[in-house]
1. Tell me which residues, restricted to region 86-119, are touching a helix residue (DSSP H, G or I) at 6+ places or on another chain (Cβ under 7 Å) and surrounded by fewer than 18 Cβ atoms within 10 Å (Cβ to Cβ).
2. Where residues in region 217-252 are farther than 18 Å from ALA97 by Cα, surrounded by 12 or more Cβ atoms within 10 Å (Cβ to Cβ) and under 23 Å from the mean Cα position of the chain (by Cα), which of them is modelled with the lowest pLDDT?
3. Among the residues of region 107-143, which ones are more than 23 Å from the chain's Cα centre (by Cα), part of a loop (DSSP other than H, G, I, E, B) and not hydroxyl-bearing (Ser, Thr, Tyr)?
4. Looking at the structure I just gave you, is ILE88 among the aliphatic types (A, V, I, L, M), over 23 Å from ALA174 (Cα atoms) and part of a helix (DSSP H, G or I)?
5. Take region 176-228 and flag every residue that is closer than 25 Å to PRO113 by Cβ and assigned to a loop (DSSP other than H, G, I, E, B).
6. Would you confirm whether any residue within region 179-187 is exposed (fewer than 13 other Cβ atoms within 10 Å of the Cβ) and under 30 Å from THR297 (Cα atoms)?
7. Pairs only if they're at least six apart or on different chains, beta carbon under 7 angstrom, first in region 130-156 and farther than 15 Å from LEU100 by Cβ, second outside any helix (DSSP H, G or I) and charged (D, E, K, R); list them, first residue then second.
8. In region 159-174, what residues are closer than 16 Å to ARG221 by Cα, assigned to a helix (DSSP H, G or I) and not polar (S, T, N, Q)?
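The values are calculated or read from the model by the stated rules, or taken from the named source; none is laboratory data. Bear in mind that the values here come from a model prediction, so they are computed numbers and not experimental data. When we count neighbours, we look across all protein chains shown, and the Cβ atoms used for this are built from the backbone with ideal geometry, even at glycine.
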Amino acid sequence: MSRLISTSDESVVPGSSLQQDDSNLPAALRVPTQSKSPGWQLFLSLANLVVWMCTIPTFQILLPNQINALDSANKVALLAGISLAGGIAAILGNLLAGALSDRTTSHFGRRRPWILAGALLSALSLVLLGLAPTIPVVAIGVILFQFCINLDIASLAALVPDQVPLRQRATASAFVGLALPVGSVVGLALIAQVFNGARISYFMLAAVLVVVIVLFVLFVRDAVLPKDVMPAFQSKQFFASFFRPLKSQDFSLTLIGRTFVIFGYYTVVGYLLYYLQDVVHYSQATQGVALFQVLSTVVLVVATITSGAISDRLQRRKPFVIIASCTMALALIILAFFPLWPLVLVAAAILGLGFGIFLSGDLALQTQVLPERHDNGKDLAILNTANLLPQILVPIVVGVVLAIFHSYSALFLIGAITACVGAGVIVPVKSVR
């Protein structure tokens, strides 16, 4: 018989009877109480950093340039179609890794086998992209990469509710959140200044990913789940479990709100290169993307660390997420109405400020609306689809908006509106302040 508890972490406070009751549970399912050192958080951030170092620059620089070189006349439609297929694969990989890692009883732990497998397979996918001679092979490489890298994303995210106590969630969220922009900047800088060409860029990103992740899984502990804890696998109940957390209003509101906010962010991230080329007419668009990302990240780092510490001190999450969303909307409005290079840099700084505040509170908010501890990986993966759904939705919206309005301004305005809507959806969340 299963020995599981059904509770979210926000209900657990030091000294509560619930916290004492979980002493009968295996270590893998206990509510975390031991503080995590800055070194542990930095190592987790580094693992996430190399994941995003491979992901964001690939979709911001390498893939758009690769598609442009193979078929410049149809580059927007091809990028949209391939991104759509990759987004679907990413959602499947994320959900499966989250759910199956919850049930993994390996002596290596629950999450580490999936983290290692995801890195190795992602590296192979990057090599395939580096060797791809045609658009169909590029599409296959993107689909495989998105599926495999999301095995890492889901499993690494699950380590936060698995091992980080509630009082440190915003700080840990800041460390994990910083990995995305810093990894993006590092990857963009390496591609623009160090690596010589797209092929070698793909190969070197693959090598760095494998080295860092192998070190991570060797040195970071992961509690083993005993074989007799989880109920026997039944496919019907397994697939039905993906819908169960949606019955929680706070969980559903968090999922919807995050989807809207990140949709707005992706309207910039996915199409910045083409915007600089076709609207701003910036002569060195690749370097422009890198500079935009560097400036945004410098502001973001300060905002994330500062707001994360304040959020943990106040034990407040919602105000940070709401303010952040509205700040990102302001950056999108500037891009929509003022396509001038100096103002693009202003928008970069504002976007960094907003996204930095968002990162410090967002993951902490997610972990506090998870309904059941034994499903942390699966339920967090469902929330992670808010990062992935925009990869599917944005290309569709881009195709429609550009076909009708022939304007990136309309696209960015839609992004600003969705970011504000996302902020509004978070307001009714009741279980988290």
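1. As a first pass, look at region 86-119 and keep what is touching a helix residue (DSSP H, G or I) at 6+ places or on another chain (Cβ under 7 Å): 86-95, 97-99, 101-102, 104, 106, 110-112, 114-119.
Matches in region 86-119: ILE88, LEU92, SER106, ALA117.
2. LEU246
3. Once the filter is applied, which keeps residues that are more than 23 Å from the chain's Cα centre (by Cα), part of a loop (DSSP other than H, G, I, E, B) and not hydroxyl-bearing (Ser, Thr, Tyr), region 107-143 yields HIS107, PHE108, ALA132, PRO133.
4. yes
5. Residues satisfying the conditions are VAL220, ARG221, ASP222, ALA223, VAL224, LEU225, PRO226, LYS227, ASP228.
6. Initial filter on region 179-187 (exposed (fewer than 13 other Cβ atoms within 10 Å of the Cβ)): none.
So far as region 179-187 goes, no, none of its residues is exposed (fewer than 13 other Cβ atoms within 10 Å of the Cβ) and under 30 Å from THR297 (Cα atoms).
7. Here the result reads ILE135/ASP71, each pair linking region 130-156 to a residue that is outside any helix (DSSP H, G or I) and charged (D, E, K, R).
8. LEU159, VAL160, PRO161, ASP162
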